Amino acid sequence: MGHEGVIENLSIRGCRIRSSTPVAIGSRLELEFQHSPDSFPITIEEAVVRSSADGMIGLRFTRLRRIDERRIRQIIDVWLPELLPTA
């Protein structure tokens, strides 16, 4: 069974996750997430833990299917700007 967390920061190369689950630096993980309840899951086949402290886990994506990479780019380009506060 997997563990849950909240993505705090997302890029095409990695992410930062808030989680109460301790993870060792250097661990290799599979990550699955959805940007909305109605969307299909995005799967990161392999991510390496680069940092883990104070409930925050920094991951670098090392294996990612092309379709999931395109979907992450779409989230970054289309969905995230809509969530940012306007001036």
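The values are calculated or read from the model by the stated rules, or taken from the named source; none is laboratory data. Just so it is clear, the structure is predicted and the values come from calculations on it, not from any experiment. No Cβ is skipped: glycine too gets one built from the backbone with ideal geometry, and neighbour counts run over all protein chains shown.
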Check: Within the bounds of region 48-64, is there any residue that is in a helix (DSSP H, G or I), over 15 Å from the mean Cα position of the chain (by Cα) and at pLDDT 85 or above?
Finding: no
Check: How many residues does region 20-64 hold that are under 16 Å from Ile75 (Cα atoms) and charged (D, E, K, R)?
Finding: 2
Notebook entry, point to check: When Glu69 is evaluated against the numbered criteria (1) surrounded by 13 or more Cβ atoms within 10 Å (Cβ to Cβ); (2) of a type in the set (D, E, K, R); (3) assigned to a strand (DSSP E or B), which criterion, by number, is the only one it fails?
Noted result: (3)
Checklist line | Scope region 4-47; condition outside any strand (DSSP E or B), in contact with a helix residue (DSSP H, G or I) (Cβ under 9 Å, 6 or more places away or on another chain) and either surrounded by 13 or more Cβ atoms within 10 Å (Cβ to Cβ) or small (Gly, Ala, Ser) (or both); matching residues | finding: Ser11, Ile12, His35, Ser36, Ser39
Item checked: Tally of residues being touching a residue at least 40 places away in the same chain (Cβ under 8 Å) and of a type outside the set (A, V, I, L, M) across region 40-66 -> 3
